[in-house]
Every structure is written in structure tokens, then in C-alpha cells.
1. Within the stretch 252-268, can you find the residues that are assigned to a helix (DSSP H, G or I) and without any contact (Cβ under 8 Å) to a residue 60 or more places away in the chain?
2. Restricting attention to the stretch 57-75, which residues are among the aliphatic types (A, V, I, L, M) and more than 25 Å from Gln311 (Cβ to Cβ)?
3. Quick check on my filter: what residues within the stretch 52-89 are over 30 Å from Ala316 (Cα atoms) and crowded, with 24+ Cβ neighbours inside 10 Å?
4. Could you count how many residues in the stretch 111-138 are under 25 Å from Arg153 (Cβ atoms), outside any helix (DSSP H, G or I) and touching a Ser or Thr at 6+ places or on another chain (Cβ under 9 Å)?
5. What single numbered condition from (1) of a type outside the set (Phe, Trp, Tyr); (2) surrounded by 19 or more Cβ atoms within 10 Å (Cβ to Cβ); (3) modelled with pLDDT under 95; (4) away from the ligand (no atom under 16 Å from the Cβ) fails to hold for Leu198?
6. Could you tell me which of the residues Ser238, Ser246 is hydroxyl-bearing (Ser, Thr, Tyr) and surrounded by 13 or more Cβ atoms within 10 Å (Cβ to Cβ)?
7. From the list Ser167, Ser187, pick out the single residue that is at negative phi and within 11 Å of the ligand (Cβ to nearest atom).
8. Taking the conditions exactly as written (buried (at least 23 other Cβ atoms within 10 Å of the Cβ) and in contact (Cβ under 8 Å) with a residue 60 or more places away in the chain), does Leu331 satisfy them or not?
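The values are calculated or read from the model by the stated rules, or taken from the named source; none is laboratory data. A quick note: this is a predicted structure, and the numbers were derived from the prediction, not measured. So basically every Cβ, Gly included, is an ideal-geometry build from the backbone, and we count neighbours across all protein chains shown. Only protein heavy atoms, including side chains, enter the accessible area calculation; ligands, DNA and RNA are left aside. Shrake-Rupley method; radii C 1.70, N 1.55, O 1.52, S 1.80 Å.
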Amino acid sequence: MLTVESGVGLQPFNSMAIKARAEHLVRVQSDAQLRQALELAQASGWPVTLLGGGSNVVLAGDVAGLVVVMCSRGRRVLAREPHGVLIEAEAGENWHQLVCWTLDLGLAGLENLSLIPGTAGAAPVQNIGAYGVEVRELFDSLDALDRETGEIRSFSLQECAFAYRDSLFKRAAGRYVILRIRLCLQSRPCLRVDYAPLAAAWQATGLTRADARVVAELVMSIRRSKLPDPALIPNAGSFFKNPLVSARVADELAARFPTMPQFPQEGGEVKLAAGWLIDQAGWKGFRDGPVGVHREQALVLVNPGGGTGAQVLGLAEKIRQDVLQRYGVLLEQEPPVVGG
Ligand SMILES: Cc1cc2nc3c(=O)[nH]c(=O)nc-3n(C[C@H](O)[C@H](O)[C@H](O)COP(=O)(O)OP(=O)(O)OC[C@H]3O[C@@H](n4cnc5c(N)ncnc54)[C@H](O)[C@@H]3O)c2cc1C
């Protein structure tokens, strides 16, 4: 049965711990409950806002209409084939628990993506990535409900149009509800430890045999040392994407700022480190009333004082303007704005 709650405080539903309210909220555990919730919203004229774990959103204020929280659970091995093992997870599965489950099964591929907060269903939305790996590299397919046609359909890798922190589902926000995802994992680990901080930690282990569990432990330990735990210091992870600029702009910047890190991409563009730009501009550790910039990681905006979404977004705008003025580079916000 579907339980609709009204006037629900959303602080426990977002990792920035912003105190906004949902006009109505429902936790859905199955495709059938999702359909019921969407039908109710349509019949009542309520706009729908979709949430997983709330670790990649900024609540600008109260959310009108119906907040649908994806709580469907279930994970399974679908097929064991010579080139890989196909697994499936329901959208509401906790991402990190899913990673641990695959490691327990002796499967590799997700170890670099350990400890990323949120749900399995949201992982393809911004093509989550960390330590040199993106989820698209392990992706097989997903099922999603198309809210325009009411149909459930399967999406292949190509159809998802994944890009850096981007996908069809982020661009067409609100149209598709991801129900379950399928990933193709390795029974023989093919480790990716070339990303600088991880490479150093892996070398220090002295191991020569590929061991996905060890890599997962290293990733978790690096993450714990660098990123604030949202349960202690509310945050939404990286607040800005790393900007992509043309090779010409990158050359001009390198001439003016010789220590600026630059990462050439396939296709000719160059990726800059948003954290470096913000750090060099002097924002690391900055406090603006209840909100601020993390003192260890300039890319992470924090909300230790229970600030509002407007205060978080106000600080983000000041940083964007400052970086634009200093470097001529426009930062793009990573977490979408919800409500207000
Ligand atoms: C401390 C911290 C560290 C982080 N580190 C990383 C990192 O290393 N790499 C990285 O990529 N991200 C990182 N993130 C961001 C975040 O963890 C991921 O984006 C995660 O996938 C968000 O999942 P969620 O369930 O919390 O999504 P939510 O925040 O609930 O939702 C995010 C967006 O996805 C949509 N959505 C959610 N579920 C569905 C669904 N089932 N179908 C369709 N749309 C849906 C929502 O409507 C919303 O627009 C970090 C966040 C924090 C707080």
C-alpha cells in the first residue's frame, strides 16, 4: 500500500541537511507503487520531484507537489559469461553496499567507486566517477519508466549518452525514472590504479597480485582522509564540475598560470581542476555564516551551521564570479537545484 505523508521535513533526505519541507512525500518500493504515486500526482495536479539518497541535490526551498523517494531494493547475478558477470540492482539499493556485495562475490570493476553516497538508480544520472573510473565503463543497460509515454523501456550504453558527470537522464531531468540498472563486472580483476593518489597508495602495498578488495580499501581510506562525512559535516560532494576548455584557452592559461594542472582529453579539449581554481582564489576554509568551503577540499561546499539553500547557492555564486574574473573560466554547478 502507498503511504502519502504531508508536510515532511526534508533535512534527513538530503546530505546538505537543508531544512526544507515537501508538500507531500512517498517512499516507493516497487514499479507498481511508482506507477500509483505518479497517477496520484497527475490526478492531483502535483509536480513530481524524484529523490534517491539526496546526496547530489541542493534544496533551494520547500518542494511543492509530491517528492518520490526511490526505496526499491534487490540485487542479483543475472548471468556468468566468459567476458564478465552481469548483475542487476534495483534503483533504491545503496550504492556503496552494492559495491561491497560485488566484492564479496569476488567480482571486480566497482572498487574505485567505493564509498560514493547515494543509490544505484542515481548512479547513471550523472555517470558517477572517481579515481579514474566512471560507471559507464561497467554499464550494460537499465530499465526506466518514461513519464511521457508511461512505458517501461530498456536503455543501452549508447542510448544513455553518458559524458563527464552527465547523461541523457540528467539532461532530460524529470522525464525518466530509472527502475533498475545492470552492470557487467569482471571475474578476473583488471585493476585501474593509475590515478595519482591511488597509484602511490597501491605501490606502497607492495602487492603484485591484482586484488580488488585492497584497491577498495585504499580508495575508502583516501576518501575518508580527504572528504567530509556528510553525517558529520553536511555537504553534497564536489559542488562544481571540472571545467573543459579548448586547447587554445588552456595554452593561454598555462602561460599566465604555469602551475595550473591541466588534463588533455580525447577530442582535443583540456580539463582543468575546479578545486585548484577555487583553492588558488583563496576560498578554501572560507566561512559565510552557516555555510562555507571545506578546509581540506576547496571543491566541497559545506553546511555545518544549518544554512538555507539560498545561503549555499549564494556562496556558490560568489565563488563562480570570483573564478570567472580571475581566470575567465565559468564553473558549472554539479548538483541540481530542487524546490524553492
Ligand atoms: C561526500 C560525497 C562524496 C561524493 N563523491 C562523489 C564521487 O566521488 N563521484 C561522483 O560522481 N559523485 C559523488 N558524489 C555525488 C553523489 O554521491 C552521486 O551523484 C550519487 O549518484 C547521487 O545519488 P543519490 O541517490 O543521492 O541521488 P539524489 O541526490 O537523490 O538525486 C540526484 C539526481 O538524480 C535524480 N535521480 C535520483 N534517483 C533517480 C532515479 N531512480 N531515476 C532517475 N533520476 C533519479 C534526482 O532527481 C536528482 O536530479 C558525492 C556526494 C557526497 C555527499
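1. First, pick out the residues of the stretch 252-268 that are assigned to a helix (DSSP H, G or I): 252-256.
The answer is Glu252, Ala254, Ala255, Arg256.
2. Taking the stretch 57-75 as the starting set, the residues that turn out to be among the aliphatic types (A, V, I, L, M) are 57-60, 63-64, 66-70.
Once the filter is applied, which keeps residues that are among the aliphatic types (A, V, I, L, M) and more than 25 Å from Gln311 (Cβ to Cβ), the stretch 57-75 yields Leu66, Val68, Met70.
3. Let us first name the residues in the stretch 52-89 that are over 30 Å from Ala316 (Cα atoms), namely 71-89.
Passing the criteria: Ile87, Ala89.
4. Initially, the stretch 111-138 is screened for residues under 25 Å from Arg153 (Cβ atoms), giving 118-128, 134-138.
If we keep only those that are outside any helix (DSSP H, G or I) too, we end up with 118-128, 134.
Retained after the next criterion (residues that are touching a Ser or Thr at 6+ places or on another chain (Cβ under 9 Å)): 118-119, 121-122, 124-127.
Count: 8.
5. Leu198 satisfies all of (1) of a type outside the set (Phe, Trp, Tyr); (2) surrounded by 19 or more Cβ atoms within 10 Å (Cβ to Cβ); (3) modelled with pLDDT under 95; (4) away from the ligand (no atom under 16 Å from the Cβ) except (4).
6. Numbers: Ser246 fails: surrounded by 13 or more Cβ atoms within 10 Å (Cβ to Cβ).
Selected residue: Ser238, the only one of Ser238, Ser246 that is hydroxyl-bearing (Ser, Thr, Tyr) and surrounded by 13 or more Cβ atoms within 10 Å (Cβ to Cβ).
7. Details: Ser187 fails: within 11 Å of the ligand (Cβ to nearest atom).
So the residue among Ser167, Ser187 that is at negative phi and within 11 Å of the ligand (Cβ to nearest atom) is Ser167.
8. Numbers: buried (at least 23 other Cβ atoms within 10 Å of the Cβ): yes; in contact (Cβ under 8 Å) with a residue 60 or more places away in the chain: yes.
Here the answer is yes, as Leu331 does meet what is asked.
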